[in-house]
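Trainee: My structure is below; once you've seen it, I'll send some questions.
The values are calculated or read from the model by the stated rules, or taken from the named source; none is laboratory data. Since this is a predicted model, take the numbers as computed values, not measurements. Backbone-built Cβ (ideal geometry, glycine too); neighbour counts: all protein chains shown.
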Amino acid sequence: MCQKILSQIIINKTAQERGITVTPEEVDIKAIRLRDEQRRENLANTQAWLAVEDWKAGIRDCLLAQKLAESLFPTKIENFFDQNRPHSDQVILYQIIVPYERVAHDILYKIEEEEISFYEAAHFYDIDERRRYHCGYKGKLYRWHLKPDKAAVVFSANTGELIDPMTTKQGSHILIVEEFIPDQLTPQRYQGILNQMFKEWIENQVDRTCSLTEKIKYAVLILRH
């Protein structure tokens, strides 16, 4: 609670310094939007909602924080996204795991010679029952789901290309990439990065502004009230 109040004090102060405000009309529009999302369509209920000052103050605080965040990081989000995008790229991956490397090479040879398809081989030979039923389907994976050496091999392969067996503690892996899905800066992704940057900024501001003693003093005052 102390951290939350200190954060709001910093948000209010910084917003005032930057000339950022939230109008009563903006609060009412947001309140009505929330009502619509929760299907509170009765007019009397809406008027009662809009009359609750504490609730409206909470909406105002959220809108003010959003406006402040957008003013603090207008150019940094795309840079952050570009720097971290490779880690968030995805791949639809199929995999066969067998106990021995020799067996994996035999299966690879049969697939290359078209004696059997990859998916048939997965159904017959994979050591994992679930993957057998799904013909080797591993799933849609982020790059960071894979170990660095495996990720490097997978993301340098071509779509549909058989990847030579890789040996791990699980066994010997034969891989094939069905599709690469590059990360995109969607509105949801943009908002997620913005929220994270703003959260880190607030935490840094609180730490810089208040010593531990001051935080305890604030906490005591809050508890007394």
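Trainee: Report, by residue number, each residue of the stretch 123-146 that is surrounded by 15 or more Cβ atoms within 10 Å (Cβ to Cβ) and of a type in the set (D, E).
Mentor: D126, D128
Trainee: Looking only at the stretch 91-120, count every residue that is under 31 Å from the mean Cα position of the chain (by Cα) and either of a type in the set (D, E, K, R) or crowded, with 18+ Cβ neighbours inside 10 Å (or both) and tell me the total.
Mentor: If we filter the stretch 91-120 for residues that are under 31 Å from the mean Cα position of the chain (by Cα), which is where we start, we get 91-97.
Right, trim to either of a type in the set (D, E, K, R) or crowded, with 18+ Cβ neighbours inside 10 Å (or both) and you get 91, 93-97.
So the answer is 6.
Trainee: For residues that are in contact (Cβ under 8 Å) with a residue 40 or more places away in the chain and over 11 Å from F180 (Cα atoms), scanning just the stretch 147-169, find the one that is surrounded by the fewest Cβ atoms within 10 Å (Cβ to Cβ). Steps first, answer last, please.
Mentor: Initial filter on the stretch 147-169 (in contact (Cβ under 8 Å) with a residue 40 or more places away in the chain): 154-155, 162, 164-165, 167.
With the extra rule that they be over 11 Å from F180 (Cα atoms), the set shrinks to 162, 164-165, 167.
On the way: L162: 15, D164: 13, P165: 21, T167: 11.
Filtering first and then ranking leaves T167.
Trainee: Please specify each residue of the stretch 1-30 satisfying the condition of being among the aliphatic types (A, V, I, L, M), crowded, with 17+ Cβ neighbours inside 10 Å and farther than 11 Å from L64 by Cβ.
Mentor: Within the stretch 1-30, L6, I10 qualify.
Trainee: Inspect all residues belonging to the stretch 132-152 and state whether any of them is at pLDDT below 95, within 30 Å of A65 (Cβ to Cβ) and assigned to a helix (DSSP H, G or I).
Mentor: Among the residues of the stretch 132-152, at least one is at pLDDT below 95, within 30 Å of A65 (Cβ to Cβ) and assigned to a helix (DSSP H, G or I), which makes the answer yes.
Trainee: Based on this model, can you work out whether I92 counts as out of contact with any Asp or Glu (no Cβ under 6 Å at 6 or more places or on another chain), within 30 Å of L194 (Cα to Cα), of a type outside the set (S, T, N, Q) and in contact (Cβ under 8 Å) with a residue 60 or more places away in the chain? Before you say what the answer is, go through the steps one by one.
Mentor: On the way: out of contact with any Asp or Glu (no Cβ under 6 Å at 6 or more places or on another chain): no; within 30 Å of L194 (Cα to Cα): yes; of a type outside the set (S, T, N, Q): yes; in contact (Cβ under 8 Å) with a residue 60 or more places away in the chain: yes.
No: the conditions fail for I92.
Trainee: Would you confirm whether or not the stretch 175-195 contains a residue that is among the hydrophobic types (A, V, I, L, M, F, W, C) and modelled with pLDDT under 90? First the steps, then the outcome.
Mentor: The first filter runs over the stretch 175-195 and keeps only residues among the hydrophobic types (A, V, I, L, M, F, W, C), leaving 175-177, 180-181, 185, 193-194.
Next, only the ones that are modelled with pLDDT under 90 stay: 185, 193.
Yes: the stretch 175-195 contains one or more residues that are among the hydrophobic types (A, V, I, L, M, F, W, C) and modelled with pLDDT under 90.
Trainee: Follow-up. Find all pairs meeting these conditions: Cβ atoms under 7 angstrom apart; at least six residues apart or on different chains; first residue within the stretch 115-128 and in the same structural domain as G171 (by TED's automatic domain parsing); second residue modelled with pLDDT of 95 or more and among the aromatic types (F, W, Y).
Mentor: Within 7 Å, the pairs are F118/Y94; A122/Y94.
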